[in-house]
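Reading through the structure tokens given below for one structure.
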Amino acid sequence: MSIQSNAASVVFDNVSKIYGTDIVAVDQVSFSIEAGTLVTLLGPSGCGKTTTLRMIAGLEMTNGGRIIIGDDDVTTLPATDRDVSMVFQSYALFPHMTVGENVAYGLTVGNTDKDEVHSKAMDGLKLVGLDGYSERLPSELSGGQQQRVAVARALVLEPQVLLFDEPLSNLDAKLRRKVREEIRDIQQNLGLTVVYVTHDQEEALAISDRIIVMKNAVIAQEGSPRDLYEAPVDYFVADFIGNANLLETEITSITNGDASVRIGSLELMLPSRGMSAGVAHVAIRPESVMLSRDMASSGLDGLIAKATYLGSHMEYTVTTQMGELFVIDKDVISPMAEKISVKINLSDRGVTLVST
Amino acid sequence: MNRTVLLWLTIGLVSFLILPWYVIEDGFWGLEWLVDGYPLDPDYGPAWSQIMTGGKVWLSPIPLFLLLPFATWGRPKTDPLYSRILLISGMGGLGYILLQAFTIGIAGWEFLVLESLFDPIDRQYGMGYGGLLVSAAFLFMITQGVAARGVINGDVFVVSSIGLISAIVVMFIFFPVSRILISALQDNEGLYSVVAFTSKISHYKIWGLGCLTSNVGCGAAWNSLFLAITVGLTTTALGLVFALLATRSGFKHRKLLRALTVLPIITPPFVIGLSLILLFGVSGVVTQFVGDLIGVTPGRWLYGMPGILLAQLLAFTPIAFLVMIGVVEGISPSMEEAAQTLRADRWRTFTTVSLPLMRPGLANAFLLGFIESMADFGNPLVLGGDYDVLSTEIFFAIVGAQNDQGMAGVLALVLLGFTLSAFFIQRRWLGKKSYTTVTGKGDSGFHSALPNRLKWPIYGIAGSWTAFTIVIYCMIMFGGFVEVWGLDHSLTFKHYITAFSVDFGEHGILWEGSAWNSFWTTITIATIAAPLTAGLGLLTAYVLVRQKFRGHDIFEFGTMLSFAIPGTIIGVSYILAFNVPPIELTGTGAILVLCFIFRNMPVGVRAGVAAMSQLDKSLDEASLTLGANSFYTFRKVVLPLLRPAILAALVYSFVRAMTAISAVIFLVSAEYDMATSYIIGRVENNDYGLAIAYCSILILVMLSAVSIFQFLVGDRRLGRRSQSPAKSPAQQSPPNTEEKFA
């Protein structure tokens, strides 16, 4: 494979972006992305993730702070002069050029030798599994194929950083999984630095080395997928990543960093995460809730309000005195019927205190 | 040192040291100066010899400004001194050149104050190659300096484009037009007078409403306004009808339809008027036939409003068609299909989805029709009768017995008021909605067919209109072969022989016919002007649509201004402005080329703006992130996708240059006579046969030019599925002239 990686790190140092006079899209954001990793910017729409991505690309200029790619401060460089390429949500394939011409476009800009351009473009197409399509027009390809052309076009430039702006949002669910795995494979095989924007938390968990969750123009939490899922810092992150039952609770006492927490009739010991005694929130993952038909055992009382069979697992909605709980249970052999009473206990993992 | 800075610096220095500073009498391309006393001859000398030996000492500060940019040597772009040095050099140099050019003229000091303050000074002429290129070098120093300060992401190409366009628009539109508007404020002795101005602007010949109450004609302003609104609405409706017929009806002879509707565009403006006279005039064919049939003599109904209206409708409907077909075809089929799947029938789909998406097209078609009608000069001249309109009134104010420049200026002001109001109302109406319909995502699907209740009326209207047009053109073609129209209908070739006879002498071909001179001049001028117009127009459109910068709206207004100014005014103002230094152009071919460029540039701009607002911006951005700079992006991505707009701009500017009459009539000279002014001369001598014969030839030439352009530019490859798979996937993509203002 002749396509190499020139992966470089990306550093944001107190970067801000203000549109007009007072619309703050990105507010003094700092983070750093290691070379050769795939980092996802995740968040609801309007949180500033796409603006952040476009500032890495040089399509938007900062209103403050510095952006460093590799060893260079690129803050004032326009897109043309940055060694970064981008895959757009709409793919932005040039409709008047063939697939081959599209892929070769960035190479021809740089006065590369003609044969080299051709062979590199072919390598790029081969990498995304589209060799033999180079004479077609983009409009003659399916959505997934167009997507892959866009990836190939960005890849062949061997950029320091490769950017993806919600690249899968126009694809159907099955294809989305397939293409995201392909993107991940290519990233891993070539050791690329990739910054990936999405609002789909499952996609983010599946593909990333690290995830930066954004909310209202600032970073809400940054960490590995496991960190975010198992130890969300606040209500927002817990709710946004995966499913979580967020219950109000009371911390009765704290000893050596362990908090005694009371949830209804349950008493738990959880890491206090710097919180003090008083009212708090606890995030409970649906698979961490254990249901039991044995009403003699200890636990919270609940009533199965709804049971849904999903092939691989069951989903229950359980009403308790604390409110409704959403529960996932692997046991599909002997599922519980609706309208029966159950006892509820919590497992050790997947239950965390979160700040509000 | 920056390469672009170095390049312009070299150009500036070379121009200063080698090229003649002042304008050369024997024409722009004359090279006689090289062998005739150069470099010391005062007529041909470059700037340094003008300073040393020609006594033009006031030129001596210029080299200081030219050498200043060398101080940027070794400095990076980000150094604040770098941009400051370039700005001082550029602004200082350009400012000084303008200052000396406007204060020292052919009679020495230009202003009385200066004469009394200083000693008498030597005279100087208009600027030549040297002066203009050194000015250009200074201009680009400014843009380099501005770009280095990080304006527009520090994009040198875009900043330079804005600088260049602004400079030439100021020089060739604002400067001349301000000269004529100043004259509106002057009385006949050249003194400024508010009284004279107010009495003129409230004159009954402009605002009179006599036609409502009595037999007297209304004021020219009301007449023009009524005519323009009627023409705008009607041509828009007809244009839509033709566009729907061409794209949605499965009509078999689309190509024929296109050819037919292109015909009137390539027709000199007064020809339709002449042909209408041949049909409906007092001794016209139809008039006499109907008269014989029912035994009454029809009156002179054609001369006046009905005649002008008819002629303008015939002339401007194709423009509306060109605008509309681009929009109608550009609408994403998926949007219509979406509507249909939402249970809208074809009629509902058309009225709720297709038609609203055509809004930019409708608005532009109306605006074009309105302004064209306002500015039309040929038809009212031939058919006007006593129906006064503003454009002809301006002409008569200047060439007529009154010779009242002030009145012409006032009338021009009124006319400008109307056209600019229309422009702003149109912007309001379009608002900030998005009309993007071509995205970077390959789009497939079929346009929905016309609903039946539209289909038959459209066939009917388009059919009868086409038939009428064919008759008109048969009259034109036939008229050239007739001895004397209305009196002697025997066939003859004599008009063609007089105009276009060719002999083969011993030195090759002899162009003996009387029309050859003006014919070749017209072709040459039009060929030079067309690509320049299209290029400048599209560049402007790119800057307008894709770049955000301060003064964006003013910039847009400036580039569109010349379109709202009728040719008559442009002609007069060019004479006033360019007859004296610092820019002397009257009597040259260059003034004609410039006039055409700036008269027709708005068409290129509008075509480009329209097409570009349908292109997804992420296409540009993709190109930028792939390492292309904005110039490369413009060339490789934007321009190819704008082929229909390029075609429209090229064809339109070429054809307009060949058919224009109103401005041209002031600017032609013995050496550079244009076809239209030659023809008008023949018409004035009642030599209708030769005039019509010449017109026929012009029409044929322009028709072939249109075909050649179409072939050269080629089709836009969008790769949408075609409803008839046997044909090529990309159908004839039409010129596309609608637009969105956001």
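All but one of (1) crowded, with 20+ Cβ neighbours inside 10 Å; (2) modelled with pLDDT of 90 or more hold for residue A:168; state the number of the condition that does not hold.
If we test residue A:168 against (1) crowded, with 20+ Cβ neighbours inside 10 Å; (2) modelled with pLDDT of 90 or more, just (2) comes out false.
May I ask you to list the residues in the range B:498-535 that are among the aliphatic types (A, V, I, L, M) and exposed (fewer than 14 other Cβ atoms within 10 Å of the Cβ)?
Scanning the range B:498-535 gives B:502, B:509, B:510.
Could you run through the range B:607-622 and say how many residues are more than 26 Å from the chain's Cα centre (by Cα), surrounded by 23 or more Cβ atoms within 10 Å (Cβ to Cβ) and more than 7 Å from chain A (Cβ to nearest Cβ)?
1
Name the residue that is nearest to the other protein chains (Cβ to nearest Cβ), counting only residues in the range A:40-66 that are outside any helix (DSSP H, G or I), buried (at least 22 other Cβ atoms within 10 Å of the Cβ) and among the aliphatic types (A, V, I, L, M). Walk me through it before giving the result.
Filtering the range A:40-66 down to residues outside any helix (DSSP H, G or I) leaves A:40-48, A:58-66.
Remaining after also requiring buried (at least 22 other Cβ atoms within 10 Å of the Cβ): A:40-43, A:47-48, A:58-59.
Next, only the ones that are among the aliphatic types (A, V, I, L, M) stay: A:41-42, A:59.
Details: A:41: 17, A:42: 21, A:59: 5 Å.
Once the filter is applied, the top-ranked residue is A:59.
Quick check on the range B:15-24: of everything there that is of a type in the set (A, V, I, L, M) and under 34 Å from the mean Cα position of the chain (by Cα), which residue is modelled with the lowest pLDDT?
Looking at residues that are of a type in the set (A, V, I, L, M) and under 34 Å from the mean Cα position of the chain (by Cα), I get B:24.
May I ask you to verify whether residue A:73 is free of Cβ contacts under 8 Å to residues at least 40 places away in the same chain and either of a type in the set (D, E, K, R) or within 11 Å of chain B (Cβ to nearest Cβ) (or both)?
yes
Cβ contacts < 7 Å: first residue more than 7 Å from every other protein chain (Cβ to nearest Cβ), restricted to the range A:90-109; second residue among the charged types (D, E, K, R) and in a helix (DSSP H, G or I), any location; separation 6+ or different chain. Result?
A:102/A:153; A:103/A:153; A:107/A:120
Looking only at the range B:633-642, decide whether some residue is of a type in the set (Val, Ile, Thr), farther than 30 Å from residue A:97 by Cβ and surrounded by 21 or more Cβ atoms within 10 Å (Cβ to Cβ).
Looking through the range B:633-642, none of the residues is of a type in the set (Val, Ile, Thr), farther than 30 Å from residue A:97 by Cβ and surrounded by 21 or more Cβ atoms within 10 Å (Cβ to Cβ).
Identify the single condition in (1) assigned to a loop (DSSP other than H, G, I, E, B); (2) of a type in the set (A, V, I, L, M, F, W, C); (3) at pLDDT 85 or above that residue B:121 does not satisfy, given that it satisfies every other one.
Tallying (1) assigned to a loop (DSSP other than H, G, I, E, B); (2) of a type in the set (A, V, I, L, M, F, W, C); (3) at pLDDT 85 or above, residue B:121 fails exactly one: (3).
Residue by residue, here is whether (1) surrounded by fewer than 19 Cβ atoms within 10 Å (Cβ to Cβ); (2) among the charged types (D, E, K, R); (3) part of a helix (DSSP H, G or I); (4) within 14 Å of chain A (Cβ to nearest Cβ) holds:
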position	(1), (2), (3), (4)
B:137	no, no, yes, no
B:140	no, no, yes, no
B:160	no, no, yes, no
B:179	yes, yes, yes, no
B:182	yes, no, yes, no
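Please work out which residue is farthest from residue B:271 (Cα to Cα), limiting yourself to the range B:503-516 and to residues that are in contact (Cβ under 8 Å) with a residue 12 or more places away in the chain and over 28 Å from the mean Cα position of the chain (by Cα).
Taking the candidates together, the pick is B:513.
Do you know which residues across the range B:550-581 are of a type in the set (Gly, Ala, Ser), assigned to a helix (DSSP H, G or I) and at pLDDT 80 or above?
So the first thing to find is which residues in the range B:550-581 are of a type in the set (Gly, Ala, Ser), and the list is B:551, B:558, B:562, B:564, B:567, B:571, B:573, B:577.
Subsequent filtering for residues that are assigned to a helix (DSSP H, G or I) retains B:558, B:562, B:564, B:567, B:571, B:573, B:577.
Those that are of a type in the set (Gly, Ala, Ser), assigned to a helix (DSSP H, G or I) and at pLDDT 80 or above: B:558, B:571, B:573, B:577.
I need a count of the residues in the range B:88-118 that are touching a helix residue (DSSP H, G or I) at 6+ places or on another chain (Cβ under 7 Å) and part of a helix (DSSP H, G or I).
12
Can you find a residue that is of a type in the set (Gly, Ala, Ser), farther than 30 Å from residue A:48 by Cα, touching a Ser or Thr at 6+ places or on another chain (Cβ under 8 Å) and assigned to a helix (DSSP H, G or I) anywhere in the range A:72-94? Explain how you work it out, then say what you get.
The first filter runs over the range A:72-94 and keeps only residues of a type in the set (Gly, Ala, Ser), leaving A:79, A:85, A:90, A:92.
Among the residues that remain, those that are also farther than 30 Å from residue A:48 by Cα are: none.
No: the range A:72-94 contains no residue that is of a type in the set (Gly, Ala, Ser), farther than 30 Å from residue A:48 by Cα, touching a Ser or Thr at 6+ places or on another chain (Cβ under 8 Å) and assigned to a helix (DSSP H, G or I).
Can you list residue pairs whose Cβ atoms sit under 6 Å apart, with the first residue in the range B:172-188 being aromatic (Phe, Trp, Tyr) and the second being modelled with pLDDT of 90 or more? Count only pairs 6 or more apart in sequence or on different chains.
Within 6 Å, the pairs are B:172/B:594.
Would you point out which residue out of B:679, B:661, B:665 is touching a residue at least 24 places away in the same chain (Cβ under 8 Å) and either surrounded by 24 or more Cβ atoms within 10 Å (Cβ to Cβ) or among the basic types (Lys, Arg) (or both)?
Exactly one residue qualifies, and that residue is B:679.
I'd like to check something: does the range A:79-87 contain any residue that is within 12 Å of another protein chain (Cβ to nearest Cβ), over 27 Å from the mean Cα position of the chain (by Cα) and surrounded by 19 or more Cβ atoms within 10 Å (Cβ to Cβ)?
yes
Just for the range A:278-313: of the residues that are touching a Pro at 6+ places or on another chain (Cβ under 8 Å) and surrounded by fewer than 19 Cβ atoms within 10 Å (Cβ to Cβ), which one is farthest from residue A:352 (Cα to Cα)?
Restricting attention to the range A:278-313, the residues satisfying the condition of being touching a Pro at 6+ places or on another chain (Cβ under 8 Å) are A:283, A:307, A:309.
This time we only want the ones that are surrounded by fewer than 19 Cβ atoms within 10 Å (Cβ to Cβ), so: A:307, A:309.
Details: A:307: 25, A:309: 28 Å.
Within the range A:278-313, the match that is farthest from residue A:352 (Cα to Cα) is A:309.
Looking at this structure, is residue B:519 aromatic (Phe, Trp, Tyr), assigned to a strand (DSSP E or B) and either over 20 Å from residue B:273 (Cα atoms) or touching a residue at least 60 places away in the same chain (Cβ under 8 Å) (or both)? Before the answer, list the steps.
Details: aromatic (Phe, Trp, Tyr): yes; assigned to a strand (DSSP E or B): no; either over 20 Å from residue B:273 (Cα atoms) or touching a residue at least 60 places away in the same chain (Cβ under 8 Å) (or both): yes.
For residue B:519, the condition - aromatic (Phe, Trp, Tyr), assigned to a strand (DSSP E or B) and either over 20 Å from residue B:273 (Cα atoms) or touching a residue at least 60 places away in the same chain (Cβ under 8 Å) (or both) - is not met.
For the range B:195-248, please list each of the helices (runs of 4 or more DSSP H) lying entirely inside it that holds at least 2 residues being within 27 Å of residue B:463 (Cβ to Cβ).
B:220-248
Could you tell me whether any residue of the range A:168-175 is within 14 Å of another protein chain (Cβ to nearest Cβ) and closer than 18 Å to residue A:5 by Cα?
No, the range A:168-175 has no match at all.
If you check residue B:497 against the conditions, is it over 30 Å from the mean Cα position of the chain (by Cα) and in a helix (DSSP H, G or I)?
yes
Kindly indicate whether residue A:24 is modelled with pLDDT of 90 or more, of a type outside the set (D, E, K, R) and buried (at least 21 other Cβ atoms within 10 Å of the Cβ).
no
Checking the structure you have, find out if any residue of the range A:257-277 is charged (D, E, K, R), out of contact with any Gly (no Cβ under 8 Å at 6 or more places or on another chain) and touching a residue at least 60 places away in the same chain (Cβ under 8 Å).
Yes, there is a match, as at least one residue in the range A:257-277 is charged (D, E, K, R), out of contact with any Gly (no Cβ under 8 Å at 6 or more places or on another chain) and touching a residue at least 60 places away in the same chain (Cβ under 8 Å).
Could you pull out every one of the helices (runs of 4 or more DSSP H) wholly within the range B:292-391 that has 2 or more residues that are modelled with pLDDT under 80 and of a type in the set (Gly, Ala, Ser)? If you could, list the steps in order and put the result at the bottom.
Values: elements: B:305-330, B:333-341, B:346-349, B:359-375, B:378-383.
The helices (runs of 4 or more DSSP H) meeting that bar are B:305-330, B:333-341.
Restricting the search to the range A:315-356, which residues are over 22 Å from residue A:247 (Cα atoms) and of a type outside the set (Gly, Ala, Ser)? First the steps, then the outcome.
If we filter the range A:315-356 for residues that are over 22 Å from residue A:247 (Cα atoms), which is where we start, we get A:330-340.
Answer for the range A:315-356, where residues must be over 22 Å from residue A:247 (Cα atoms) and of a type outside the set (Gly, Ala, Ser): A:330, A:331, A:332, A:333, A:335, A:336, A:338, A:339, A:340.
Hey, among the residues in the range A:1-29 that are free of Cβ contacts under 8 Å to residues at least 60 places away in the same chain and of a type in the set (Ser, Thr, Tyr), which one's nearest to residue A:159 (Cα to Cα)?
Across the range A:1-29, the extreme among qualifying residues is A:16.
For the range A:110-124, give me each residue that is closer than 17 Å to residue B:629 by Cβ and more than 10 Å from chain B (Cβ to nearest Cβ).
Residues of the range A:110-124 closer than 17 Å to residue B:629 by Cβ: A:110-112.
Residues satisfying the conditions are A:111, A:112.
The values are calculated or read from the model by the stated rules, or taken from the named source; none is laboratory data. Fair warning: this is a prediction, and the values are worked out from it, not measured in the lab. Using ideal geometry, Cβ is built from the backbone for each residue, glycine included, and neighbour counts are taken over all protein chains shown.
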